[in-house]
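Quick notes on the structure that follows.
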Amino acid sequence: MRARAASASWDGHEHAQQRRHPCRHVLSGRHAEGAALRRRAPPAVRVLRAPSQRQQLEALKARGDANGVEGLEIVDREFIVEREPAVDAPVALWSPETGIVNAEELAKALLRSATDAGAIFLPGTKLVGADRQSDGMVLRTEREQIHARVVVNAAGLYADDVSRMLGGETFTIYPCRGEYVELAPSKRSIVNGLVYPLPHQHSLGVHIVKTMNDDVWLGPTACFQERKDDYESNRLPIEAFVEPARRLLHGITIDDMRLGGSGIRPKLHPPAESFADFLIRRDRENPFVVQAAGIESPGLTSCLAVGRLVAQLTDAGD
Ligand SMILES: Cc1cc2nc3c(=O)[nH]c(=O)nc-3n(C[C@H](O)[C@H](O)[C@H](O)COP(=O)(O)OP(=O)(O)OC[C@H]3O[C@@H](n4cnc5c(N)ncnc54)[C@H](O)[C@@H]3O)c2cc1C
C-alpha cells in the first residue's frame with residue numbers, strides 16, 4: 001500500500017462483524033504501544049447528513065456495541081460543535097476509543113517480533129514455482145528451493161496467482177484502487193480526529209484521517225481496475241474530492257487540497273457485488289496450504305487476530 005497510515009478503530013469492528021473471523025482483538029499491547037510504535041487516539045465521529053439516515057447510524061452503534069467497542073455514543077450538534085467545529089452534521093456517532101498507528105512502523109515492529117521468535121525474513125524473494133510432495137511443498141524462488149510442511153498464502157494482490165502456483169483453490173483477486181488528497185498545512189488544524197460518513201457500498205466511504213504526523217488525508221476512493229500494479233494512471237482530479245470534503249467539513253475549497261497517495265485493495269468480489277469475507281482457511285485442494293487472501297481493510301487493524309487464526313490453522317494440520 002502506498003498510503004501509510006491506518007486507522008485502528010471501531011471501523012475494524014464494523015467489518016469484523018460482517019466477516020466470520022474473530023477480528024475483535026484489534027491492535028493492542030506492545031505492538032501498538034511499544035517505544036517504536038506510537039499509538040495515538042484521536043477520537044472518531046461518523047456523521048450523517050439527513051435525519052432519515054439516523055437508523056443506519058444506530059445500527060452501526062449496535063454493531064459496535066455487540067463487538068465490544070467501548071464508549072460509542074450518538075451525539076447531537078452541540079457536542080459535535082464542541083469537539084469538531086468544522087464538521088457539518090446534525091448528529092454523529094462518537095467513538096472515544098479510536099486510535100491510529102503508523103502502518104510502516106507497525107510492519108517493522110511485527111518483523112522484529114517475528115525474527116526474535118526465530119523467523120527468517122527473505123526480502124525481495126519472489127516465489128516463482130512450487131511442487132507438491134508427499135510431506136509438504138518445495139517452493140522455488142529465483143535463488144533457491146525451500147521445503148515447507150505448510151505454506152501460508154498471504155500474497156495480497158497476487159494471492160490468486162500464488163494459489164494457482166501452489167496447486168491451491170481457484171479464486172480471483174479484483175484490484176480496487178483507493179486514492180487520497182491531503183489538506184494544505186494551513187487547514188490541518190480544522191480537524192482533531194477521524195471523521196467518517198456512513199459507509200459506501202465498496203468501502204468505508206471517503207473519510208478524513210489525521211495521521212501520526214498530523215497530516216490530514218481525505219480518501220480513499222474506490223475504483224476497480226484491471227491492473228494490480230498501476231497506482232498512478234488516470235488519477236482522479238482534485239476536483240473530485242471537493243464534494244465529498246464538503247459533505248463532511250465546512251469551508252473546504254479546492255485550493256485547500258493537494259494530490260495524496262494511493263493504494264490498491266485486493267478484493268475477492270467483482271464490482272457488481274459489495275462484500276466478500278476474508279479467505280482464511282486450510283486450502284480445500286492442497287492440505288499443505290493455508291490461505292490468508294483478500295485481506296483488505298481493516299486488515300492492518302485486525303492483523304494480530306488474523307495472524308493468530310493463521311497460526312491455529314497452520315498448527316492444526318501438522
Ligand atoms: C487505500 C487503502 C487504505 C487502507 N486503509 C486501511 C486502514 O485504515 N486500516 C486497516 O486496518 N487497513 C487498511 N487497509 C488494508 C491494509 O492495507 C491491508 O489489509 C493489508 O496491507 C493487507 O496485508 P497483507 O499482508 O494481506 O497483504 P500485502 O500487504 O499486500 O502483502 C502481500 C505481500 O506478498 C508479497 N508477494 C506477492 N506475490 C508474491 C510472490 N510471488 N512471491 C513472494 N512474495 C509475494 C508482496 O510483495 C507483499 O509483500 C487499506 C488498504 C488500502 C489499499
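The values are calculated or read from the model by the stated rules, or taken from the named source; none is laboratory data. Nothing here was measured: the structure is a model prediction, and the numbers come from that model. Glycine gets a Cβ as well: all are built from the backbone with ideal geometry, and neighbour counts include every protein chain shown. Protein only, heavy atoms only, side chains kept; ligands, DNA and RNA dropped before computing areas. Shrake-Rupley method; radii C 1.70, N 1.55, O 1.52, S 1.80 Å.
Quick one: is Val91 over 30 Å from Asn213 (Cβ atoms), within 10 Å of the ligand (Cβ to nearest atom) and in contact (Cβ under 8 Å) with a residue 24 or more places away in the chain?
Numbers: over 30 Å from Asn213 (Cβ atoms): yes; within 10 Å of the ligand (Cβ to nearest atom): no; in contact (Cβ under 8 Å) with a residue 24 or more places away in the chain: yes.
No.
Need at least 3 residues that are touching a strand residue (DSSP E or B) at 6+ places or on another chain (Cβ under 7 Å), within 16 Å of the ligand (Cβ to nearest atom) and within 20 Å of Ala86 (Cβ to Cβ) per element, so show me which strands (runs of 3 or more DSSP E) inside the range 201-318 make the cut, counting only ones lying wholly within it. Walk me through it before giving the result.
Values: elements: 207-210, 216-219, 257-267, 279-282, 289-293.
The strands (runs of 3 or more DSSP E) meeting that bar are 207-210, 216-219.
Of the conditions (1) under 14 Å from the mean Cα position of the chain (by Cα); (2) open to solvent by less than 20 Å² (accessible area, probe 1.4 Å); (3) not β-branched (Val, Ile, Thr), Leu300 fails just one. Which one is it?
Unmet for Leu300, out of (1) under 14 Å from the mean Cα position of the chain (by Cα); (2) open to solvent by less than 20 Å² (accessible area, probe 1.4 Å); (3) not β-branched (Val, Ile, Thr): (2).
Filter the range 41-58 down to the residues that are modelled with pLDDT under 75 and surrounded by fewer than 17 Cβ atoms within 10 Å (Cβ to Cβ), then identify the one that is farthest from Ala86 (Cα to Cα).
Only one residue fits best here, namely Ser52.
Give the residue that is nearest to the chain's Cα centre (by Cα), with candidates limited to residues of the range 253-269 that are more than 26 Å from Ala159 (Cβ to Cβ) and aliphatic (A, V, I, L, M). Working first, answer last.
Going through the range 253-269, the residues more than 26 Å from Ala159 (Cβ to Cβ) turn out to be 253-260.
Among the residues that remain, those that are also aliphatic (A, V, I, L, M) are: 254, 257, 259.
Numbers: Ile254: 27, Met257: 23, Leu259: 21 Å.
Here the answer is Leu259.
If a residue counts only when it is crowded, with 16+ Cβ neighbours inside 10 Å, under 27 Å from the mean Cα position of the chain (by Cα) and not hydrophobic (A, V, I, L, M, F, W, C), which helices (runs of 4 or more DSSP H) contained entirely in the range 75-191 have at least 2 such residues? Reasoning before the result, please.
Values: elements: 77-83, 103-116, 159-165.
Result: 159-165.
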